[in-house]
Structure formats: structure tokens, C-alpha cells
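The values are calculated or read from the model by the stated rules, or taken from the named source; none is laboratory data. Since the structure is predicted, the reported quantities are computational estimates derived from the model, not experimental observations. We place every Cβ from the backbone using ideal geometry, glycine too, and count neighbours over all the protein chains shown.
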Amino acid sequence: MTPLARLAAAHGVSLSHRPSPGRRVRAGRETVVAVLAALVVDASTPAAVRAALERHAEDSRRLLPPTVVLRSGARPGPDGQLPGLPGLSGSPGPSLSTGLSEGVREVRASRGDRTAGGHRER
């Protein structure tokens, strides 16, 4: 897999589409670069692709991904662990807690005593 293909895959950009059954159309390099640019990912040169892959690798090591999505009705695993997010250094994964107080619903993600993020809605 080329570095550009790895970068596209890392950002959910497909390298081809099927306009009809049995027919696959591959996206050109310019198209992939333009789609990544729309996602604010610079892939205009080989050096930019390498830098973007390094940033993506660094982002992947963060406590939580930028967005955590659970299907409706899905629940965190035992002890509040989020599905698909392994623990760091052998520790349990991040936990998700929810609460309702005075009409405010709060969702908070944390690992140990470190809060990774949260969301409040009234």
C-alpha cells in the first residue's frame, strides 16, 4: 500500500467506488489529494503525506480518539470501558460515565484521575 493510500485509509477516504454492479472505478491521485484537502489533510507532496502520516500516528496514541461513537442502545463494557479502545501500557481502557443532575445530562470520558473530555446537554 502506498503512503497516500495509507493516509487515505486512515481518514476513511476510499480509493475506488462501484457505480454499478461488477464495475469498479479507481480514484485518481489528484482526486484523493483533493478529498484529503477537504478534510484539512495536506497530501500535496510526498513530504506532506509523510508528515500527515506521522501526525496521524501521533494522534492515534492520544488518550481518546477525537470522536467516540456508540450505536444507539450500545453500552460501555465492564467497568465502563469503551469498546474498541485498548488500555495504555496494559492498564484498563478509558471509562465512560454518565449522569443527570438538575436537568443537565453529562457524559465524561476518563482514565484514572485524568479526564479526557466530556459533553453536557440540557
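May I ask you to list the residues in the stretch 1-24 that are part of a loop (DSSP other than H, G, I, E, B) and either surrounded by 10 or more Cβ atoms within 10 Å (Cβ to Cβ) or modelled with pLDDT of 95 or more (or both)? Of everything in the stretch 1-24, those that are part of a loop (DSSP other than H, G, I, E, B) and either surrounded by 10 or more Cβ atoms within 10 Å (Cβ to Cβ) or modelled with pLDDT of 95 or more (or both) turn out to be 2, 11, 13, 14, 15. Summed over the stretch 25-63, the residues that are part of a helix (DSSP H, G or I) and either more than 12 Å from residue 3 (Cβ to Cβ) or hydrophobic (A, V, I, L, M, F, W, C) (or both) give a count of 20. Taken over the stretch 31-56, the residue count meeting the criterion of being farther than 15 Å from residue 14 by Cβ and touching a residue at least 24 places away in the same chain (Cβ under 8 Å) is 6.
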